[in-house]
Amino acid sequence: MRVSDADVRRYVDDGFLVVDGVVQPAELDELKEDAVRFARGEYPLVNPVALPDGASDEEAMASVLAVHFPHWVSEVMRRYVTHPGVSAALSRITAAHLPHWDGSVKCMQSMLFVKPPSLPGQAWHQDERFIPTRDRSLVGAWMALDDATVENGCLRVLPGSHRNGYLWPTRAHERPGEFDTADEAFGFDESGEIAVEVKAGALVFFNGYLLHRSFRNGSDVHRRALVNHYCNAWSLLPWKPTATNLRGAEIAVLDNRNIVPVGADPYAWKGYSTPPTAVFLRPHEPDQRWA
């Protein structure tokens, strides 16, 4: 797997790039087996699903939309943060818009989407709204664990919507059967939207300002995906500030250190934060809580 100069240019211009065949079948099986462990509560979860005695793997998975930060507690998920094929692509595209970038990258988030049949997708949004970087280098690495199709709610993107670095306003949507409980971005022309259908093992890389969404899973199969988020290792990460680190601090130097380096870390001298010991499920019902 090689990312060409033309691929890099396409990512910079369009805001996303598809790279096929990055993850091999045995690796996909390993990740899907680990997803079952989360559904069964074998890893520490803040709000696990209550399962009846004797529940099958399919029954366990049926009500899990997504798991946030699985790499905090699973060594399997942690290893795929630094998967060689993913890392190689990231070292070419993450901050390719910066003329003197040296290819260094760091990861700050993972999300395991299970998305069983009938469960909702996400309305229009931009990931940079949730994870701010200093240099517009946020990139999602969306790893397809199953074939992603229009029928099962594949990723949909609006090419070029990242270019100006503009964060669109958001509001509550009125389509609870289609999307989860998060707000939707609005105010733009969405006529250029395209569906990104990919085979299992493919990676979809997309910029943090790119508008994207997905519809509910209308098929009878899962649409599993592991999505890790990265940015240029040289960019400070003013993400999830707390009362402690805001006190007397300058906003410009806030830097979340709950990260995984992927290659060189120029701020290694700062040390790293210890991640929490439990993770949580993404709510898909109004009465579910985030943590």
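The values are calculated or read from the model by the stated rules, or taken from the named source; none is laboratory data. Given the structure is predicted, the values throughout are model-derived calculations rather than measurements. When we count neighbours, we look across all protein chains shown, and the Cβ atoms used for this are built from the backbone with ideal geometry, even at glycine.
Observations on the structure shown:
Residues are listed down the side, and each one gets a yes or a no for (1) touching a Ser or Thr at 6+ places or on another chain (Cβ under 7 Å); (2) not aliphatic (A, V, I, L, M):
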{"residue": "95", "(1), (2)": "yes, no"}
{"residue": "115", "(1), (2)": "no, yes"}
{"residue": "124", "(1), (2)": "no, yes"}
{"residue": "130", "(1), (2)": "no, yes"}
{"residue": "134", "(1), (2)": "yes, yes"}
{"residue": "147", "(1), (2)": "no, yes"}
{"residue": "152", "(1), (2)": "yes, yes"}
{"residue": "156", "(1), (2)": "yes, yes"}
{"residue": "160", "(1), (2)": "no, yes"}
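- Residue match in segment 8-23 (condition: out of contact with any Asp or Glu (no Cβ under 8 Å at 6 or more places or on another chain), modelled with pLDDT under 95 and either crowded, with 21+ Cβ neighbours inside 10 Å or closer than 30 Å to residue 159 by Cβ (or both)): no
- All conditions but one from (1) under 19 Å from residue 128 (Cβ atoms); (2) at pLDDT below 95; (3) within 19 Å of the chain's Cα centre (by Cα) apply to residue 222; the one that does not is (1).
- If you go through segment 1-59 and keep only what is within 18 Å of the chain's Cα centre (by Cα) and in a loop (DSSP other than H, G, I, E, B), you end up with 15, 20, 22, 23.
- Qualifying positions in segment 83-103 - part of a loop (DSSP other than H, G, I, E, B) and within 30 Å of residue 164 (Cα to Cα): 94, 95, 96, 97, 98, 99, 100, 101, 102, 103
- Within segment 64-82, considering residues that are in a loop (DSSP other than H, G, I, E, B) and touching a helix residue (DSSP H, G or I) at 6+ places or on another chain (Cβ under 8 Å), the one surrounded by the fewest Cβ atoms within 10 Å (Cβ to Cβ): 74
- Taking the numbered list (1) touching a Lys or Arg at 6+ places or on another chain (Cβ under 9 Å); (2) within 30 Å of residue 156 (Cα to Cα); (3) touching a residue at least 40 places away in the same chain (Cβ under 8 Å) in turn, residue 228 passes all entries but (1).
- Condition broken by residue 120, with the remaining ones in (1) surrounded by fewer than 20 Cβ atoms within 10 Å (Cβ to Cβ); (2) over 24 Å from residue 12 (Cβ atoms); (3) in contact with a Phe, Trp or Tyr (Cβ under 6 Å, 6 or more places away or on another chain) satisfied: (1)
- Test: residue in segment 136-145 that is in a strand (DSSP E or B), touching a residue at least 40 places away in the same chain (Cβ under 8 Å), of a type in the set (Lys, Arg) and farther than 17 Å from residue 228 by Cβ: no
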